[in-house]
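The block underneath contains the structure these notes are about, expressed in structure tokens.
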Amino acid sequence: MQFRFNPCAARTLPLAALIVLVSTNCAAPRATQQQQNTQTSSSAQVAQSPTPAQAKSVQERTPSDTVREFYTALREKRVRDAFAISIYKSAIDSLTPEEFEELRPEFEKLGDAVPAQIGIYGEQISGERATVFALISTEPSAKQEAIDVIRVGDQWVIGSRENYETVKQAGKELFFKARVDTHHEELRKVLLKIANVEAIYAAQNAGHYADLASLTASESGMRLGLREDIDALSTLGYRLAISLSPNGKGYKVNAEPLRYGRTGRLSFYTDATGMQEKDNNGKPFNPPAAKKKP
């Protein structure tokens, strides 16, 4: 997945490697005259939460209805309702109750970026594939997005045909792999920020590096929001420790997954020379020191 929920948005969401529901082209492609004639709407329709009386049957739900209902359910934290009309239905249905509860917090965060009002600007249908043009961001500069919808059985569902086949093969492990990949990506950003703050600290303190408490309390650490990143490590399922050399002129950072295979697979090592990572079965990774040239 990268699944970046909205590839046009600056924020990175949990499980961002999972949901590949929207086109990577944020602006809706320019339709031909024939395609323009097939669009069901040329002006925005504002989506509100449907009431039971307004809800359409599965057979009547159009691609635009599907997009509207999917994002509304996500925003309202009705995770199963949202995934039930997506290509991920079979995968989420195969989760045990315990596995679903484990993933629920990250699933629910997917709805945090969904606005209260969703603009639907039209749809194009070609056989069992459709494209819905929608605005699902509150960013001032946001543009319409082209959202893939396909027919599965007697209903339209969010996602592409290609990704539908991928989900069928991967099953529920797709979710766990997505979470692990996202945690790795986010942790690399935290480690890079630590290295940058350490470099600034050393430049201001005669080459001496800082422990974690001093680093987060430093001017550059506070300016870059390092404390918030460290506090969020538990949500990434990683533990992190900084060790200083006896003279304080060297440091190393170790980070390992709290639950190997579930919250992460890679162990990370960072020092003043750079970052390294390795699948070390959840144990700390300390690469051998580089041999000095004679």
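Every number here is computed from the coordinates shown, using simple stated rules; none is lab data. Predicted, not measured: the structure shown is a model, and the values here were computed from it. Cβ sites come from the backbone with ideal geometry, for glycine too, and all protein chains shown count toward neighbours.
Remark: region 265-280, residue by residue, has Karplus-estimated 3J(HN,Hα) of 10, 9, 9, 10, 9, 9, 9, 5, 8, x, 10, 10, 9, 7, 6, 10 Hz, where x stands for each Gly or Pro and the curve is 6.51 cos²θ - 1.76 cosθ + 1.60 at θ = phi - 60°.
Derived scalar couplings between HN and Hα for region 149-161 equal 9, 10, 8, 10, x, 9, 9, 8, 9, 6, x, 9, 4 Hz in order, rounded to whole Hz, by the Karplus curve 6.51 cos²θ - 1.76 cosθ + 1.60 (θ = phi - 60°), x for Gly and Pro.
On a full-extension model of 0.36 nm per residue, what is the gain between ASN281 and ALA232, subtracting their alpha-carbon distance, rounded to one decimal in nm?
So the extension gain works out to 15.4 nm.
Here the peptides 192-202, 211-221 are ranked by packing, the mean other Cβ count within 10 Å, and the order with the highest first is 192-202, 211-221. Sorting the segments 105-113, 67-75, 227-235 by their mean number of nearby beta carbons within 10 angstrom, highest to lowest, gives 67-75, 105-113, 227-235.
Once you have a ≥ b ≥ c as the square roots of the Cα gyration tensor eigenvalues for region 243-286, tell me rounded if a/c is under 1.5, and otherwise prolate or oblate according to whether a/b is larger than b/c. Before the final figure, lay out the partial values.
Numbers: a/c = 3.55, a/b = 2.41, b/c = 1.47.
Taking the square roots of the gyration eigenvalues as a ≥ b ≥ c, region 243-286 is prolate.
Could you derive backbone 3J(HN,Hα) for region 210-227 from the dihedral phi with the Karplus parameters 6.51, -1.76 and 1.60 (θ = phi - 60°), listing whole Hz in sequence and x where the residue is Gly or Pro? So the J values, rounded to whole Hz, are 10, 6, 5, 5, 5, 5, 5, 8, 5, 4, 5, x, 5, 5, 8, x, 5, 4.
A cut-off of 5 Å between modelled amide H atoms, ignoring neighbours fewer than 5 places along the same chain, links ARG239 with GLU256, LEU258. According to the square roots a ≥ b ≥ c of the eigenvalues of the Cα gyration tensor, what is the shape class of region 217-276, taking rounded for a/c under 1.5, prolate for a/b larger than b/c otherwise, and oblate for the remainder? Judged from the Cα gyration tensor, region 217-276 comes out oblate (a/c at least 1.5, b/c at or above a/b).
Given the pairs LYS252/LYS278; LYS109/LYS193; LYS189/LYS252, which are separated by over 20 angstrom at their Cα positions?
Working: LYS252/LYS278 15 Å; LYS109/LYS193 24 Å; LYS189/LYS252 16 Å.
Table pairs above 20 Å Cα-Cα are LYS109/LYS193.
Applying 1/(1 + (r/R0)^6) with R0 = 35 Å to the Cβ-Cβ distance of SER126 and THR96 gives a FRET efficiency near 0.40. Positive contributions from Lys and Arg (+1) and negative ones from Asp and Glu (-1), summed over other residues with Cβ under 12 Å from the Cβ of ASN254, come out at +1.
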